1. Report the convex hull volume per residue for the range 4-141, counting only C-alpha atoms, in Å³.
2. Would you mind classifying the range 39-101 by shape? Square roots of the alpha carbon gyration tensor eigenvalues, ordered a ≥ b ≥ c; an a/c under 1.5 is rounded, otherwise it is prolate if a/b is larger than b/c and oblate if not.
3. Which residues' amide hydrogens lie under 5 Å from the amide hydrogen of Phe113, considering only partners 5 or more residues apart or on another chain, with H built in the peptide plane?
4. Starting from the eigenvalues of the Cα gyration tensor, five times each then square-rooted, give me the equivalent ellipsoid semi-axes of the range 1-75, largest first, whole Å.
5. Under the rule of at least 5 residues apart or a separate chain, name every residue whose amide H is placed under 5 Å from the amide H of Thr54.
6. So, in the chain, how many Lys pairs have Cα atoms under 21 Å apart, if the pair is 8 or more places apart or on different chains?
7. Using a probe radius of 1.4 Å on heavy atoms only, what accessible surface per residue do you get for the chain? Whole Å² is fine.
8. Tell me the carbon and sulfur percent of the accessible area for the chain, rounded to whole percent, probe radius 1.4 Å.
Amino acid sequence: MNKQLEKELIQKAMEMTKLSYAPYSGYHVGAALLTKDGRIFTGCNIENASYGATNCAERTAFFKAVSEGIKDFEAIAIVGAPADEAAENTFSDYAYPCGICRQVMQEFCTKDFCIIVAKSTEDYKKYTLQELLPFGFGGLH
Ligand code: THU
């Protein structure tokens with residue numbers, strides 16, 4: 001993946017934190033998921049008064065894509081920060097995907113799926129799914 005596309009994914013993930021519904025944790029997460037055919041599906045976290053019903057930003061993006069018939073993915077960019085930081089596009093820590101989201105990636109992605117965690121379009125790290133979920137369970141890919 002070229003650097004321009006990486007930055008575009010991060011930019012879109014950062015924009016998605018503005019749509020995050022996080023009145024309980026105050027932590028705003030955005031994700032941008034790149035499909036193999038070059039489309040981008042975005043997601044934000046969506047919380048619930050019944051906390052367990054919360055959906056993470058990454059899974060929002062995956063479920064939007066899968067529900068549109070897409071099951072081949074190349075990469076995802078993730079950013080997260082408290083509301084006030086996110087509003088100013090300041091992401092002082094990398095936001096790593098939770099275990100449930102890694103498992104959803106395992107379901108639909110190959111080992112070389114690229115996970116980008118970013119503080120900005122200039123400051124980011126890239127991992128493969130294999131690195132973040134070694135010895136993962138199941139998945140059809
Ligand atoms: N969250 C995500 O959106 N993605 C993750 O991978 C980790 C956690 C959300 C869920 C909840 O709304 C908030 O961050 C605090 O846990």
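The values are calculated or read from the model by the stated rules, or taken from the named source; none is laboratory data. If you're wondering where the values come from, they're calculated on a predicted model, not measured in any experiment. We work out accessible area using only protein heavy atoms, side chains counted, and drop any ligands, DNA or RNA first. Shrake-Rupley method; radii C 1.70, N 1.55, O 1.52, S 1.80 Å.
1. With only Cα atoms used, the range 4-141 gives 99 Å³ per residue.
2. oblate
3. Those qualifying (amide H under 5 Å, at least 5 residues apart or on another chain) are Leu129, Gln130.
4. Over the Cα atoms of the range 1-75, the ellipsoid semi-axes are 23, 15, 7 Å.
5. So Thr54 has HN proximity to Asn48.
6. Step by step, the pairs that qualify in the chain add up to 27.
7. Details: 7220 Å² over 141 residues.
It amounts to 51 Å² per residue over the chain.
8. On the way: 3920 of 7220 Å².
Carbon and sulfur atoms account for 54 percent of the accessible area of the chain.
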